[in-house]
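All remarks here apply to the structure that follows.
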Amino acid sequence: MASSDWKVLARKIWHFIWEEDSIWSWIVNIVLAFVLIKFVVYPGLGFLLGTTHPIVAVVSGSMEHDGKFDDWWAVQQEYYYKFNISKEEFLSFKFKNGFNKGDIMILVGKNPTTINVGDVIVFNGGITDPIIHRVIRKWEENGKIYFQTKGDHNMQSMQLESRIPESQVVGEAFFRIPLLGYIKIWFVNLLQLLHVIG
């Protein structure tokens, strides 16, 4: 193919993707955006932030607070006192008011030695999605660090989060973007619906 033929073809492709107003052009744009985000942006962010999961969507309400902090604390305080976490200490924690289903959390990779009680971590708990909960206990055993976490909304820790080895920790949450995670939630729900229909 001659050089001029390549240029003509390139112009046609460019026009189809960026200028044509058709359903096929729209579909190609969505596919390209998905490919770029999944295989370029996401891995690039992961490299920069030092984690395999730089961005996670919150898919449950386990970190939500109902109403004002004082009302939430009145319901939850007894469990936190078991771990010597006072109201004053909790108020010093990052994301002290929790966060909501549908939020996006930005993670950074962390050395387990620098993760502290009160930090919000993401870990692989042996279920489909990684879990994002708050550290309420940290200890060392045989040279390895372990964590116990709890969702702020939950009344106690789940069994699978009572002894999390450092190897299961994916990263620590450091920034929250409200509601943007609903895009992922809706997309996953749509795929599940299509799977059921198909």
Checklist entry - Looking at segment 1-116, what helices (runs of 4 or more DSSP H) fall wholly within it and have at least 1 residues that are under 20 Å from R134 (Cβ atoms) and out of contact with any strand residue (DSSP E or B) (no Cβ under 6 Å at 6 or more places or on another chain)? => result 69-81, 87-91
Next on the checklist: Show the residue pairs meeting these rules: Cβ distance below 7 Å; 6+ apart or different chains; first residue within segment 125-152 and in contact (Cβ under 8 Å) with a residue 60 or more places away in the chain and not assigned by TED's automatic domain parsing to the domain that holds L107; second residue of a type outside the set (F, W, Y) and assigned to a strand (DSSP E or B).
Outcome noted: none
Checklist entry - Given the conditions (1) part of a strand (DSSP E or B); (2) surrounded by fewer than 19 Cβ atoms within 10 Å (Cβ to Cβ); (3) at pLDDT below 95, and given that Y146 satisfies all but one, which numbered condition is not satisfied? => result (3)
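Residue-wise test of (1) touching a helix residue (DSSP H, G or I) at 6+ places or on another chain (Cβ under 8 Å); (2) in the same structural domain as G171 (by TED's automatic domain parsing); (3) in contact (Cβ under 8 Å) with a residue 40 or more places away in the chain.
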site	(1), (2), (3)
L32	yes, no, no
V35	no, no, no
E64	no, yes, yes
D70	no, yes, no
Y81	no, yes, no
N97	yes, yes, no
G109	yes, yes, yes
Next on the checklist: Given the criteria aliphatic (A, V, I, L, M), at pLDDT 85 or above and touching a Leu at 6+ places or on another chain (Cβ under 8 Å), does V75 qualify?
Outcome noted: no
Next on the checklist: Take G67 and tell me if it is loosely packed, with under 11 Cβ neighbours inside 10 Å and at positive phi.
Outcome noted: yes
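The values are calculated or read from the model by the stated rules, or taken from the named source; none is laboratory data. All of these numbers come straight from a predicted model, not from anything done at the bench. Every residue, glycine among them, receives a Cβ derived from its backbone with ideal geometry; neighbour counts consider all protein chains shown.
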